[in-house]
1. Could you tell me which residue out of T253, L181, G284 lies farthest along the dipole of the chain toward its positive end? Charges go on the beta carbon: Lys and Arg +1, Asp and Glu -1, centred on the Cα centre.
2. Would you mind calculating the relative contact order of segment 121-254 from Cα pairs under 8 angstrom and at least 6 residues apart, reporting the percent as a whole number?
3. Step by step: find N for segment 327-366, compute 2.2 N^0.38 Å, then divide the Cα radius of gyration by it. What's the final number?
4. Which order do peptides 142-152, 66-76, 237-247 fall in by mean Cβ count within 10 Å, highest first?
5. Give the relative contact order (percent, whole number) for segment 345-405; include only Cα pairs under 8 Å separated by 6+ residues.
6. Full-extension gain between K317 and E138, please, as 0.36 nm times their residue separation minus the C-alpha to C-alpha distance.
7. Remind me, relative contact order of the chain in percent, using alpha carbon pairs under 8 angstrom and six or more residues apart?
8. State the volume of the convex hull built on the alpha-carbon positions of segment 87-244, expressed per residue in Å³ and rounded to an integer.
Amino acid sequence: MSLYSRFRILTFAITLTCSCTFLTSALQAQGLGNSPYSSLGMGEFYGESYSDNTGMGQSGVSTSSGFQVNNLNPALWVRNRFTTLDIGLIGQYKDIVSGSKNQRNSGGNLGYVSLSFPVSPRWALGVSLKPYTFVDYENTSTRAVPGTPATAHYSTTGKGGINKASLTNSFQIGKYLSIGLESSYFFGNVRKASEVVLPQGTQVNLENDYLVSLNERTTYSDISFRGGAALRIPIKKNNKLNLNLGGAYSLSTSINASQTTSFDVTQNTFNIVDPDTLINNAGGGLKTPEQYQVGASLEWPFKLVISADYNRQSWSKYRSIAGTNDGLKDVGRVNVGLEYLPRFTSLNYFDLVRYRIGFSHGKTPYSINNRDVNDTNVSLGFTFPMGRGYQNFLSIALVAGQRGNTGNGMIRERYGRAVLGITLLERWFVKQKID
């Protein structure tokens, strides 16, 4: 093994260790900016797509380039014939409008870390760590205190989320079919608080006013499974055109939950009465619905890919730890995308850049005043080769979209999202030959 290869392997190990350590701590506190919808259900979902699929409208459940990890379908991990380290960063900007109120905010997070390596020509093993959902909202209001000239100030806040650590096994069955199984462990916590400031006069004075707080902390942990299959059918000889079919299915899961609720009254940070724990580590469960994804694509290898996906999730079957549904509804979504590589054998750098465009439309599980909240976005993506021999990649995906509308108590969110992915490739477990 060459000195350069040894250095690359050492870099892989150090990068993965540092990234996982940082990700575990970062995921606990970071979201993608204030989102009123995250107060419902499990919160906002990050989605399964990495940077390259995000640039194709979050489509690609049926196809994979083999140079980057496709996390939409566990069956596609076996297409990666190199040891592959994928790291992603995600950032988002939002403009939120509700009636006459307007708010702009932003946020970011480390989106994913995954490592895939081929155990044998027909078996790939992968591990990944990523945020699954986030809760990040703050609502404030004021009301008059009956019988007094004072006004009470109310606020409800939520922070936290659920993370996902996964082990993926992917197998090649025969010449055209591949299957995969993702085993995941969910963990995380969500903190929600309802607070009321009771002023002692006509003006707010935090040193003298009373603060009444109801705090709720819920911790989640459990396992879940997702299976997938992919079929590559040659249409033209010499691998000039393939028809790809793929699907993934996530089982319904009851995530174990433990909840603690406390109540306290303070003045200038000092307790007026002893804090009271109303619920202490009460056990329960969070029932998540099953989800299926199906897709098809036409692939001109190393030239052009056109893909279309459909996914559906039965959120009407969701149940919170309190046994409520939060008014969530079943949803369906369409994702389409295109990837173009000008000339794989060219010596011109920009002929080696992969260009992507995508579109996605569907319902969200939320409804306001019996009106559905739809989400539509368009995306652009680029993958730039880098490093020695151009065997590593830097991917950028840009997404712009709108969710919801104004009027009738609705909330409209216009957002811009960017996903930056870094992919490092290396050959492991190659038996040396002596001529």
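1. The residue sitting most towards the positive pole is L181.
2. Working: 302 pairs, mean separation 27.7, N = 134.
So the answer I get is 21 percent.
3. Normalised Cα radius of gyration, segment 327-366: 1.96.
4. Per-residue Cβ counts within 10 Å, averaged per peptide and sorted highest first, yield 66-76, 237-247, 142-152.
5. 30
6. Computed gain between K317 and E138 is 61.8 nm.
7. 17 percent.
8. Convex hull volume per residue, Cα atoms: 196 Å³.
The values are calculated or read from the model by the stated rules, or taken from the named source; none is laboratory data. Predicted model only: the values in this text are computed from it and were never measured. Please note: Cβ atoms are built from the backbone with ideal geometry, for glycine as well, and neighbour counts cover all protein chains shown. The protein model used for the area step is the full one, side chains on, heavy atoms only, and it has no ligands, DNA or RNA in it. Shrake-Rupley method; radii C 1.70, N 1.55, O 1.52, S 1.80 Å.
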